[in-house]
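Colleague: Got a structure for you, written out below as structure tokens; questions coming shortly.
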Amino acid sequence: QVQLVESGGGLVQPGGSLRLSCAASGIIFDNYGVAWYRQAPGKQCEWVVSNTRDGRFLYIDSVKGRFTISRDNAKSTVYLQMNSLKPEDTAVYYCNVADGRSTYWGQGTQVTVSS
């Protein structure tokens, strides 16, 4: 059974930082591309960042220079370091892994940026 367990969300003031983690089990993690998505209140889910299977790093323009995706294959874990957070970053963040045939999602973790 495949599981993606997220952690690290919370409440942070504007300008602050958070690091999200997503630990995978039940898959050969090295074979998967990883990504983070988010869904803000009243809005559609949007893609934020990817580390593709061929090693590319892709970011939505609004987070470039502030967010960094990374992975530790030995721990089957993907991270999202978020710096200089803004109120508009407030959303539920979901991790995603995909290998071209299968895709799996985490349960989501709430990030709230507010003073």
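Colleague: Filter the range 79-105 down to the residues that are in a strand (DSSP E or B) and among the β-branched types (Val, Ile, Thr), then identify the one that is farthest from Pro14 (Cα to Cα).
Modeller: Out of the qualifying residues, it is Thr103.
Colleague: Further, regarding this structure: Which of the following residues is modelled with pLDDT of 95 or more, under 13 Å from the mean Cα position of the chain (by Cα) and open to solvent by less than 50 Å² (accessible area, probe 1.4 Å): Val111, Val5?
Modeller: Val111
Colleague: Follow-up question, since we're still on this one. Quickly run through the range 14-40 and pick out the residues that are in a loop (DSSP other than H, G, I, E, B), within 19 Å of Leu85 (Cβ to Cβ) and open to solvent by 30 Å² or more (accessible area, probe 1.4 Å).
Modeller: Within the range 14-40, Pro14, Gly15, Ser17 qualify.
Colleague: Among the candidates Arg101, Arg53, Arg71, Arg66, single out the residue that is basic (Lys, Arg), under 18 Å from Glu6 (Cβ atoms) and open to solvent by 20 Å² or more (accessible area, probe 1.4 Å).
Modeller: After ruling out the rest, the residue left standing is Arg71.
Colleague: For the range 83-92, check the following and say yes or no: at least one residue is among the hydrophobic types (A, V, I, L, M, F, W, C), touching a helix residue (DSSP H, G or I) at 6+ places or on another chain (Cβ under 7 Å), at negative phi and surrounded by 15 or more Cβ atoms within 10 Å (Cβ to Cβ).
Modeller: No: zero hits.
Colleague: Taking into account only those residues within the range 41-50 that are modelled with pLDDT of 95 or more and in contact with a strand residue (DSSP E or B) (Cβ under 9 Å, 6 or more places away or on another chain), which is surrounded by the most Cβ atoms within 10 Å (Cβ to Cβ)?
Modeller: Per the stated criteria, the residue is Val48.
Colleague: Considering Gly16, Gly26, Gly33, Gly42, which residue is of a type outside the set (Val, Ile, Thr), touching a residue at least 24 places away in the same chain (Cβ under 8 Å) and over 19 Å from Arg101 (Cα atoms)?
Modeller: Result of the check over Gly16, Gly26, Gly33, Gly42: Gly16.
Colleague: Which of the residues belonging to the range 49-71 are among the basic types (Lys, Arg) and either in contact (Cβ under 8 Å) with a residue 60 or more places away in the chain or in a loop (DSSP other than H, G, I, E, B) (or both)?
Modeller: Arg53, Arg56, Lys64, Arg66
Colleague: I would also like to ask the following. Pairs only if they're at least six apart or on different chains, beta carbon under 6 angstrom, first in the range 101-115 and at positive phi, second in a strand (DSSP E or B) and open to solvent by 20 Å² or more (accessible area, probe 1.4 Å); list them, first residue then second.
Modeller: Gly108/Val92; Gly108/Tyr94
The values are calculated or read from the model by the stated rules, or taken from the named source; none is laboratory data. Because the structure is a prediction, the values reported are computed rather than measured. All Cβ positions, glycine included, derive from the backbone under ideal geometry; neighbour counts span all protein chains shown. Note: accessible area is taken over every heavy atom of the protein model, side chains too, but ligands, DNA and RNA are not part of it. Shrake-Rupley method; radii C 1.70, N 1.55, O 1.52, S 1.80 Å.
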